[in-house]
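**Student:** Have a look at this one.
The values are calculated or read from the model by the stated rules, or taken from the named source; none is laboratory data. No experiment lies behind these values; they were computed from the predicted model shown. Cβ atoms come from the backbone with ideal geometry, glycine included; neighbour counts cover every protein chain shown. Keep in mind that these areas ignore ligands, DNA and RNA; they rest on the heavy atoms of the full protein, side chains included. Shrake-Rupley method; radii C 1.70, N 1.55, O 1.52, S 1.80 Å.
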Amino acid sequence: TQWGLDLGFLEVEIEGDALFVIKKHTSKKEDRLEISTYIRSTRFICAGYQRCIFRHAPGEANRVAHILANE
């Protein structure tokens, strides 16, 4: 997300196949999970965009990205 800001992008759409993580990003609630630090960091960076969207993309929808993520 920081890389897009550095390049001057105004909008970003982040897709991931981990539905749990996407739900945490879109939720307003704070929790004490280990990933909450990463979620807060990403939210902070996303504040620099005019629009920042998180979407769930099932692993089967993008086979190449899914294979790379598993590697």
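**Student:** Residues of the range 48-62 being assigned to a loop (DSSP other than H, G, I, E, B) and either open to solvent by less than 40 Å² (accessible area, probe 1.4 Å) or of a type in the set (D, E) (or both), which ones?
**Tutor:** To start, the set of residues in the range 48-62 that are assigned to a loop (DSSP other than H, G, I, E, B) comprises 48-50, 57-58, 62.
Scanning the range 48-62 gives Y49, A57.
**Student:** Another question, then. Tell me which residues, restricted to the range 18-42, are surrounded by 14 or more Cβ atoms within 10 Å (Cβ to Cβ) and touching a strand residue (DSSP E or B) at 6+ places or on another chain (Cβ under 7 Å).
**Tutor:** I22, H25
**Student:** Looking at this structure, is I45 surrounded by 14 or more Cβ atoms within 10 Å (Cβ to Cβ), aliphatic (A, V, I, L, M) and modelled with pLDDT of 85 or more?
**Tutor:** Numbers: surrounded by 14 or more Cβ atoms within 10 Å (Cβ to Cβ): yes; aliphatic (A, V, I, L, M): yes; modelled with pLDDT of 85 or more: yes.
Taking the combined requirement at face value, the residue satisfies it.
**Student:** Return the pair list, or none, for Cβ contacts closer than 7 Å from residues in the range 30-57 that are of a type in the set (S, T, Y) to residues that are open to solvent by 70 Å² or more (accessible area, probe 1.4 Å), at least 6 apart or on different chains.
**Tutor:** Here the result reads S36/E30; Y49/L10; Y49/E11, each pair linking the range 30-57 to a residue that is open to solvent by 70 Å² or more (accessible area, probe 1.4 Å).
**Student:** Let me ask something else. Given the criteria within 10 Å of the chain's Cα centre (by Cα) and assigned to a helix (DSSP H, G or I), does T37 qualify? Break it down into steps so the answer makes sense when it comes.
**Tutor:** Working: within 10 Å of the chain's Cα centre (by Cα): no; assigned to a helix (DSSP H, G or I): yes.
No, not satisfied.
**Student:** Residues A57, A47: which one is in contact with a helix residue (DSSP H, G or I) (Cβ under 9 Å, 6 or more places away or on another chain) and among the hydrophobic types (A, V, I, L, M, F, W, C)? Show your work before the answer.
**Tutor:** Details: A47 fails: in contact with a helix residue (DSSP H, G or I) (Cβ under 9 Å, 6 or more places away or on another chain).
Result of the check over A57, A47: A57.
**Student:** OK, next. Taking the residues in the range 8-17 that are assigned to a loop (DSSP other than H, G, I, E, B) and not small (G, A, S) as candidates, determine which candidate is surrounded by the most Cβ atoms within 10 Å (Cβ to Cβ).
**Tutor:** Only one residue tops the list, namely D17.
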